[in-house]
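Each remark here refers to the structure printed beneath this line.
The values are calculated or read from the model by the stated rules, or taken from the named source; none is laboratory data. Please read all numbers here as calculations on a predicted model, not as lab measurements. When we count neighbours, we look across all protein chains shown, and the Cβ atoms used for this are built from the backbone with ideal geometry, even at glycine.
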Amino acid sequence: MKILLDTHIFLWWITDATLLSKNARDLISDGFNVLYWSAASSWELTIKYALGRIPLPEDPKWFIPPQLAKNNIESIPITDEHAFQTGLLPQHHRDPFDRMLIAQSQIESVVLLSNDRQLSRYDVQIQW
């Protein structure tokens, strides 16, 4: 299965947070699944880190890439096609980062791993 990790899921995974569901842990740890991280999540994390809303041991520029490599997670860039798709989405959710994850999930045909219930209102497969 191809799985795009929502930002909070990735952070909970690398910090071994108890907030992750058993299903999420199983999906991430299953070596047969291909895991993805969106450039939108890097953007979101960088902004929230700069505002002091997400504590990390160091700047995301230095912290995230080694974590992605260590956890065998591939990065998905933001393309024009992804950006255009966000404009076609219903206004169920106004968060631009989450809207980009939905668009990428649709365009790339991947499952989105998230506990954000609002995202289930979109035409995308969500796991939690």
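Summary table below
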quantity: Filtered residue count, region 1-27, keeping only those that are of a type outside the set (S, T, N, Q) and either more than 18 Å from I64 (Cβ to Cβ) or over 12 Å from the mean Cα position of the chain (by Cα) (or both); calculated: 12
quantity: Residue list for region 1-34, filter: of a type in the set (A, V, I, L, M, F, W, C) and more than 23 Å from P55 (Cα to Cα); calculated: M1, I3, L27, F32, V34
quantity: Region 20-47, residues that are exposed (fewer than 13 other Cβ atoms within 10 Å of the Cβ) and either of a type in the set (D, E) or at pLDDT below 95 (or both); calculated: D26, D30
quantity: Among (1) within 24 Å of D16 (Cα to Cα); (2) in a helix (DSSP H, G or I); (3) modelled with pLDDT under 95 - the single one S120 does not satisfy; calculated: (1)
quantity: Sole residue being loosely packed, with under 11 Cβ neighbours inside 10 Å, over 15 Å from Q127 (Cβ atoms) and not polar (S, T, N, Q), chosen from P65, P57, P96; calculated: P57
